[in-house]
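Before we start, here is the structure in question, set down as structure tokens.
The values are calculated or read from the model by the stated rules, or taken from the named source; none is laboratory data. Here the structure is a predicted model, which means the values were calculated and not measured. For neighbour counting, all protein chains shown are included, and Cβ atoms are generated from backbone atoms with ideal geometry for every residue, glycine included.
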Amino acid sequence: MSTRVEAILGSITEVKADAIVVNLFQGVDSPQGATRAVDHALGGLITQLIAQGEITGRLNTATLIHSQDRLPSPRVIVTGLGPAESFHLRRARQAAAAAALAARKAGVKTLATVVHGAGAGGQDPAQAAAAVAEASLVALYRYLEFKSRPDESPGALDGLLLVESDPARFSAVAEGARLGAVLGEATNLCRDLTMRPPNYCTPSLLAEAAQDLGRKLGLEVEVYGPAEIEALKLEGIMAVARGSQEPPRLIVARHHGGNPEERPDLALVGKGVTFDAGGIMIKTTRSIEHMKSDMAGAGAVIAAMAAAARLGVPRELVAVIPAVENLPSGSATLPGAVIRLQGGQTVEIASTDAEGRLCLADAVAYACRRLGARAVVDAATLTGSCVQAFGHYTSGLLSNHRPLEAAVLAAAEEAGERVWPLPLFEEYWELLRSDTADFKNTGITAKAGVILGALIIGQQAQNTPWAHLDIAGPAWLEERFGYLPPGATGAGTRTLALLALRLPDRGEQA
């Protein structure tokens, strides 16, 4: 069941909910603003607890106290914002998440909260409200689809109320609350898809999930099977799929927010390798069960399209998802084989475990040449090199177009997702040289892996503005990070959705 999110105008001291949330900056002895009003209603209890060191304002802390009938709500949660001088929207997200988790632990079903950062924090009210709503929903996520017994621990919230006392800020807070709710739910949708066991998320089942979503949200979804993929000369996709008994699918989803007769303003391309065993060059057994998450880019794209539909983004958008399994068998593509991409270039398969770039190269070419997209952004768990470079906290960004790169970085900043740009200098092609074909699908050394994978994909865009998000690090966590538990994170979803929403007009993209 989804959490109802809404904004209400009024004082937090007058709201009736299972619990209310106020905040405190670290190092502050006397509460201010809404927290001061609640403290006054409680007879100075918050001030007392600050003096006793029980409430500190430290980030990622949340203290629950009982109002003892002095407020309409029986519980108060005081969440820490950290030092005032270093406060920003990421801290607002952390504060909201800490409060939401404390509320769930206490069995709270309706939670009312002030908008962290919209007042003394100095943040834009709409962005602060979006951050609070989104982080609350993301923090409360749990994957329970295949649990046969009911979970006895408290579940998600039924209702989340964002309370704003200033009428001048209320419309912005209401707008932000709606945006944050959509982005939070989209992130969790991506996590649902990515968390599914590989036998429940084959290429055909992923395609069915996209079609079901399309019917619910008004997206136009087409699905192509092996014969059609062959006819479209998408040999990169077919080469990866040959080792599996599961047939590949090419999923094409359209959001008509502009003129359907015109070229798409933006194509989102997602890597949909629903299980990656490495092909003939099979992976080691360590963490191989997590290779079901190699379709996290596809999940992010599907979820971003769902968000765009719910937000009514006024643009023509298209998603292209090559969905395959990369398995070893007697029919699998062999190391040393040569294939021809849709763009016409030949590729020597130096590694069957460098499969994502082959699928994405064909999908990007299809988006540019067949669909005529004006700009293309792909998202993929593409390289271990990106994990080595950035760990699990940052995605790599590579682009052939500075304005589009800037737009992606701006969307990521608003989304609270860490993204960092890398170069695409032509000298790197030397590391892909082949004596047999136009180039190899992996480097002749272990160096510059992030860049080499992106080069192959980006070449297919030709003169179309294109950007590549390598989400290999943040898409899946093996241990808890902040308020995110181990497992799928939905990385890239919010960035792609906000990019679609904020994409500059065509004249600004030139």
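Which of (1) at pLDDT below 95; (2) farther than 22 Å from Ala100 by Cα does Asn199 not meet, given it meets every other one?
Checking Asn199 against (1) at pLDDT below 95; (2) farther than 22 Å from Ala100 by Cα, the one that fails is (1).
If you don't mind, there's one more thing I want to ask. May I ask you to say which residue of Asp294, Asp378 is assigned to a strand (DSSP E or B) and closer than 23 Å to Asp192 by Cα?
Asp378
Does Leu496 satisfy the condition of being touching a strand residue (DSSP E or B) at 6+ places or on another chain (Cβ under 6 Å), assigned by TED's automatic domain parsing to the domain that holds Leu317 and farther than 20 Å from Tyr141 by Cβ?
no
Of the conditions (1) farther than 18 Å from Leu358 by Cα; (2) assigned to a helix (DSSP H, G or I), Leu452 fails just one. Which one is it?
(1)
Looking at (1) modelled with pLDDT of 95 or more; (2) under 23 Å from the mean Cα position of the chain (by Cα); (3) not β-branched (Val, Ile, Thr), which is the only condition Leu371 fails?
(2)
Could you grab me the full set of residues in the range 385-408 that are in a loop (DSSP other than H, G, I, E, B) and under 15 Å from Gly492 (Cα atoms)?
His392, Tyr393, Thr394
Please count how many residues of the range 215-237 are surrounded by fewer than 22 Cβ atoms within 10 Å (Cβ to Cβ) and either in a helix (DSSP H, G or I) or of a type outside the set (A, V, I, L, M, F, W, C) (or both).
Here the count works out to 15.
Evaluate the range 385-396: report whether one residue or more is crowded, with 19+ Cβ neighbours inside 10 Å, touching a Leu at 6+ places or on another chain (Cβ under 6 Å), under 30 Å from Gln123 (Cβ atoms) and in the same structural domain as Asp265 (by TED's automatic domain parsing).
Yes - at least one qualifying residue is present in the range 385-396.
Restricting to the range 206-247, name every residue that is in contact (Cβ under 8 Å) with a residue 60 or more places away in the chain and under 21 Å from the mean Cα position of the chain (by Cα).
If the condition is that a residue be in contact (Cβ under 8 Å) with a residue 60 or more places away in the chain and under 21 Å from the mean Cα position of the chain (by Cα), then Leu206, Ala207, Ala209, Ala210, Leu213, Leu217, Leu219 are the ones that fit.
Look through the range 135-155, keep the residues that are more than 15 Å from Gly487 (Cβ to Cβ) and part of a loop (DSSP other than H, G, I, E, B), and return whichever of them is modelled with the highest pLDDT. Show your work before the answer.
Within the range 135-155, the first condition is being more than 15 Å from Gly487 (Cβ to Cβ), and the residues that meet it are 135-137, 148-155.
Now narrow it down to the ones that are part of a loop (DSSP other than H, G, I, E, B): 148-155.
Values: Ser148: 82, Arg149: 77, Pro150: 65, Asp151: 66, Glu152: 63, Ser153: 65, Pro154: 71, Gly155: 73.
Result: Ser148.
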